């Protein structure tokens, strides 16, 4: 069947009309978006986290008995832990590790008695056999505000090595390994490198830095980094670089 001439002309124009229509649509869209540059696709950023395994931690209930416990206010918390301070307890070294709970209970009694602190100041304590004990109340997994580094208690954790580690005193390998494991885990919760530095603001004029001073300190520091003291002793201070390196390896860095 032969189509009329007018129909053939109309069909021949259809492709052209479609092309014109597409050009109009594109022009409209460009006009609507021309004042906004096209945004490049946002690449997903994987979380840069270096967790470390949580080491075994003996709870407070193993060293603090009902007779020694006193009334104390609720624990206080920071948003996270960005530094760890290492201390020594300035107590005898020749103890049996089975006596560590008794020693911690004695330290607790002194700090909450004569010093009138609300709790033991250290967040953790480590004996010469490498056993880690929970110190200050509030939960080992949480950023509990301690009372261990005058001026720099906020956003830090205090770890006390049970003993006295002045120059020439042997520092047990089990103790330093435990401090490294604890540091790796605790700083890993905030993805903090144990070999790095952090800026902290002093809150006390009795610290090495006046209140309000912004100080750059190691993320794994000795007590003497923030306070005028010989703590944690020259022997343990000398081991801190190796402890930092081991803690970083435990985080997979």
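Each reported figure results from applying straightforward, stated rules to the coordinates on display, with no laboratory input. Being a predicted model, the structure only gives us computed values, none of them experimental. Methodologically, a virtual Cβ is constructed for each residue, glycine included, from the backbone with ideal geometry; neighbour enumeration extends over all protein chains shown.
The gain in end-to-end length when the residue 173 to residue 70 segment is fully stretched comes to 33.6 nm, 0.36 nm per residue minus the alpha carbon separation. Each residue in 154, 88, 50 was given a count of other beta-carbon atoms within 10 angstrom of its own, and listing them fewest first yields 50, 154, 88. The relative contact order of region 103-182, computed from alpha carbon pairs under 8 Å that lie at least 6 residues apart in sequence, is 29 percent.
Based on the Kirkwood radius over alpha-carbon pairs, what is the Stokes-Einstein translational diffusion coefficient of region 211-253 at 4 °C with 1.567 mPa s viscosity, in µm²/s?
Diffusion coefficient, whole number: 111 µm²/s.
Counting 0.36 nm for each residue step from residue 49 to residue 216 and taking away their Cα separation leaves a gain of 57.9 nm.
May I ask for the Rg/Rh ratio of region 57-250, computed from Cα atoms with Rh as the Kirkwood radius, given to two decimals?
0.93
Label zone (residue 242, point 7 Å along Cα-to-C-beta; backbone nitrogen cut-off 11 Å) within region 185-204: none. Here the extension length gained between residue 116 and residue 91 equals 7.0 nm, from 0.36 nm per residue of separation less the Cα-Cα distance. For region 57-250, relative contact order (Cα pairs under 8 Å, six or more residues apart, normalised by length) works out to 25 percent. This ranking places 117, 185 by how few other beta-carbon atoms lie within 10 Å of each, fewest first, which gives 117, 185. Quick one: if you stick a label point 7 Å off each Cα along the C-beta vector at residue 129 and residue 77, how many nm between them? Result: 3.3 nm between the two label points.
Fewest neighbouring Cβ atoms within 10 Å first, the residues 175, 228 line up as 228, 175. Once the C-beta distance of residue 62 and residue 204 is scaled by a Förster radius of 25 Å, the resulting FRET efficiency is 0.20 to the nearest 0.05.
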